[in-house]
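The values are calculated or read from the model by the stated rules, or taken from the named source; none is laboratory data. Source: prediction; values computed, not measured. Neighbour counts run over all protein chains shown; Cβ positions are idealised from the backbone, glycine included. Heavy atoms of the whole protein, side chains included, go into the accessibility calculation; ligands, DNA and RNA do not. Shrake-Rupley method; radii C 1.70, N 1.55, O 1.52, S 1.80 Å.
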Amino acid sequence: MSNNKRIVITGLGAISGLGTNVDQIWSELIQGRSGVRKLSERFQDKVPFDFPVNIASYVDDNYQLSDSILSEREQPRFDKFIHYALQVTHDALKDASLEVGTTYDKSRIGCILGVGMGGFPFIEHEYFKFSRGTRPRTTPFFIPSLIPNMATGLASICFGFTGVNFSVSSACASSGHAIEMGYQQLKLGLQDAVIVGGSEAVITKLTISGFNSMKALSKREVEPNLASCPFSSDRDGFVMGEGAGVLVLEEYEKAKARGAKIYAEIVGCGSSSDAFHITAPHQDGLGAVQCMNNALENANLAADKIGYINAHGTSTPIGDAIETKAIKTVFGSHAHELSVSSTKSMTGHLLGAASGLESVITVLSLKNQIIPPTINLKNPDPDCDLDYTPNQAREKSFDYALNNAFGFGGTNSSIIFKKYEG
C-alpha cells in the first residue's frame with residue numbers, strides 16, 4: 001500500500017516489568033537494567049520447590065489501575081491484560097493530547113490491539129474454584145474477562161471512541177500486525193486516529209508449564225537478571241514477560257494542523273508466513289527475509305538506510321541464529337554496519353504484546369538517537385556475529401529503524417519507523 005499520506009506517532013503508553021509508564025521503562029532500558037525476578041514473589045501460594053521454571057519479568061504487584069479509568073467494583077471482573085490495555089491507552093491518549101469527540105469525531109477514532117493468548121490467569125482462577133467445588137458455577141464475567149477482543153472493546157467503552165474496534169491474534173507477532181492494520185486504516189482514510197499495539201498477561205503456572213514442556217524457557221534461576229541473554233552462546237530459552245505497549249497513530253497533516261507533538265513516522269510494514277513448522281522458523285529464515293523485504297518495498301526504502309533493528313531476539317538457541325542469518329541475507333554487507341539489539345534481554349518476552357512495547361522503544365530510540373543495549377551479552381555466539389549493542393546503550397545518528405516480530409505458526413511482522421524531521 002502506497003500513497004502520499006504520512007502516518008505519524010503522536011502518543012505512547014507502556015507498562016512492563018521495568019516500570020508502569022513510558023519514562024520509567026525508557027530510563028531503565030538505557031541503563032541496561034533487567035526486569036526479570038523470581039516468580040515466588042508473584043504467586044501468593046508460592047511456587048512449589050519442584051516447579052520447573054521460577055523466573056519471569058512481571059509488572060509490580062503494587063500496581064493498580066486507576067478507578068478513574070475503571071471503577072474498583074468493575075476491576076475484578078476483568079483479566080490483567082485488559083487492565084494493562086486500559087492503562088496504556090489512557091496514558092497514550094493523554095500523551096497525544098487527544099480528546100475523544102473534540103480533537104476528532106468519536107466515530108473516526110479506532111482501537112486495534114494485539115493479544116496473543118487472552119485471559120489465562122482468569123481461566124486458571126475460575127477453573128480452580130470450579131473443579132474444587134468451592135463455587136457451583138463460574139462468574140458471569142468469566143467469558144468477557146478472557147476473550148482477546150475485550151481489551152479493545154473495553155477501551156472503546158471507557159474512552160468513548162466508536163471507530164474500528166478489533167483485536168489481532170497472531171501469536172508473538174500479534175501487536176506488530178495490529179500496528180500494521182492501524183497504519184492501513186489511516187492510509188485508506190478510514191479513520192483519523194487509531195490506538196494500536198498490544199497487551200498480554202499470561203504468567204501463570206499452566207502457561208509456564210506449557211512453554212517449559214516445549215523446552216522454550218530459560219531455567220536460569222540463581223541470577224534471574226542474567227537469564228535472558230539473546231545472541232549469547234549460553235542462551236537457553238526465553239523469559240516470560242507481561243505488560244502492554246501502544247501508540248497513537250494519526251495522519252500527518254491532521255496531526256500537524258492540531259499542533260500535535262510528533263515522535264516519529266511509520267513508513268512501511270511487511271508480513272509473511274514461513275509455511276514451514278508450527279513453532280520453528282525456517283532454517284534459512286526465509287519467512288523473516290520475505291517479511292523484512294516486504295517492509296522495505298512498502299516503504300520504498302533501500303536496505304542500507306536502516307540504522308537500527310529492534311530484533312525479535314528471544315534468547316532461544318535456534319531463533320536468534322536464524323534471525324541473524326535473515327538479517328544478513330536482507331542487508332548484505334550493511335548488516336555489519338547497522339545496530340541491532342534485543343530489548344527482551346531486559347523486558348522478557350511479552351508474547352502478543354512484544355511488538356507493541358518494542359515499537360514504543362524503537363520510536364523512543366529514534367527520537368532520542370540512542371540505541372538500547374542487549375544486556376547479558378558476555379559470550380557471543382559465533383553464529384551471531386552482528387553488532388548487537390552489547391551491554392551498554394549507545395548514542396547514534398540514524399534516520400530509520402525496523403522492528404521484527406515472529407510468531408508460532410510461522411507468522412511474521414516487520415515495521416519501519418522514520419525519525420521525524422517536520
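General observations
- Filtering segment 107-142 to residues that are among the hydrophobic types (A, V, I, L, M, F, W, C) and within 24 Å of Gly243 (Cβ to Cβ) leaves Ile109, Cys111, Ile112, Leu113, Val115, Met117, Phe120, Phe122, Ile123, Phe141, Phe142.
- Leading residue by the ranking (modelled with the highest pLDDT) among those in segment 23-58 that are among the polar types (S, T, N, Q), open to solvent by 70 Å² or more (accessible area, probe 1.4 Å) and farther than 27 Å from Leu154 by Cα: Gln31
- When Tyr63, Tyr84 are checked against the criterion of being within 19 Å of Val202 (Cα to Cα), out of contact with any helix residue (DSSP H, G or I) (no Cβ under 6 Å at 6 or more places or on another chain) and assigned to a loop (DSSP other than H, G, I, E, B), Tyr63 stands alone in meeting it.
- Restricting attention to segment 256-284 and to residues that are over 21 Å from the mean Cα position of the chain (by Cα) and open to solvent by less than 40 Å² (accessible area, probe 1.4 Å), the residue that is farthest from Ser413 (Cα to Cα) turns out to be Ala260.
- Beta carbons closer than 9 Å, at least 6 apart along the sequence or on distinct chains, pair a first residue in segment 102-122 that is among the hydroxyl-bearing types (Ser, Thr, Tyr) with a second that is open to solvent by 30 Å² or more (accessible area, probe 1.4 Å) for Thr103/Ser97; Thr103/Arg258; Tyr104/Lys254; Tyr104/Arg258; Ser107/Thr162.
- A single member of Val36, Val53 is among the aliphatic types (A, V, I, L, M), over 15 Å from Gly243 (Cβ atoms) and out of contact with any Asp or Glu (no Cβ under 7 Å at 6 or more places or on another chain), and it is Val53.
- Flag for Gly409 being open to solvent by less than 20 Å² (accessible area, probe 1.4 Å) and of a type in the set (Gly, Ala, Ser): no
Results for (1) open to solvent by less than 50 Å² (accessible area, probe 1.4 Å); (2) touching a strand residue (DSSP E or B) at 6+ places or on another chain (Cβ under 7 Å), shown as yes or no for each residue.
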position: Met292; (1), (2): yes, yes
position: Ile309; (1), (2): yes, yes
position: Pro317; (1), (2): no, no
position: Ala321; (1), (2): yes, no
position: Thr324; (1), (2): yes, no
position: Ile327; (1), (2): yes, yes
position: Ser333; (1), (2): no, no
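- Whichever residue in segment 70-92 is in contact with a Leu (Cβ under 8 Å, 6 or more places away or on another chain) and aliphatic (A, V, I, L, M) and, among such residues, is surrounded by the most Cβ atoms within 10 Å (Cβ to Cβ): Ala85
- Single match in Asp67, Asp61 (criterion: at pLDDT below 95, over 25 Å from Glu358 (Cβ atoms) and open to solvent by 40 Å² or more (accessible area, probe 1.4 Å)): Asp67
- Among residues of segment 199-228, those that are farther than 30 Å from Arg108 by Cα and either touching a Cys at 6+ places or on another chain (Cβ under 9 Å) or buried (at least 24 other Cβ atoms within 10 Å of the Cβ) (or both), counted: 6
- Search result, residues across segment 98-157 that are in a helix (DSSP H, G or I), at pLDDT below 90, open to solvent by 50 Å² or more (accessible area, probe 1.4 Å) and polar (S, T, N, Q): Ser131
- Of all residues in segment 353-402, those being more than 16 Å from the chain's Cα centre (by Cα), within 21 Å of Gly319 (Cβ to Cβ), of a type outside the set (Phe, Trp, Tyr) and assigned to a loop (DSSP other than H, G, I, E, B) number 15.
- Pairs are defined by a Cβ separation below 7 Å, a sequence spacing of at least 6 or placement on different chains, a first member in segment 141-162 that is β-branched (Val, Ile, Thr), and a second member that is open to solvent by less than 40 Å² (accessible area, probe 1.4 Å) and in a helix (DSSP H, G or I); the pairs so defined are Thr162/Ser156.
- Test: residue in segment 207-214 that is of a type in the set (A, V, I, L, M, F, W, C), within 23 Å of the chain's Cα centre (by Cα) and not in a loop (DSSP other than H, G, I, E, B): yes
- Among the candidates Met240, Met214, residue that is of a type in the set (A, V, I, L, M) and under 16 Å from Ser40 (Cα atoms): Met240
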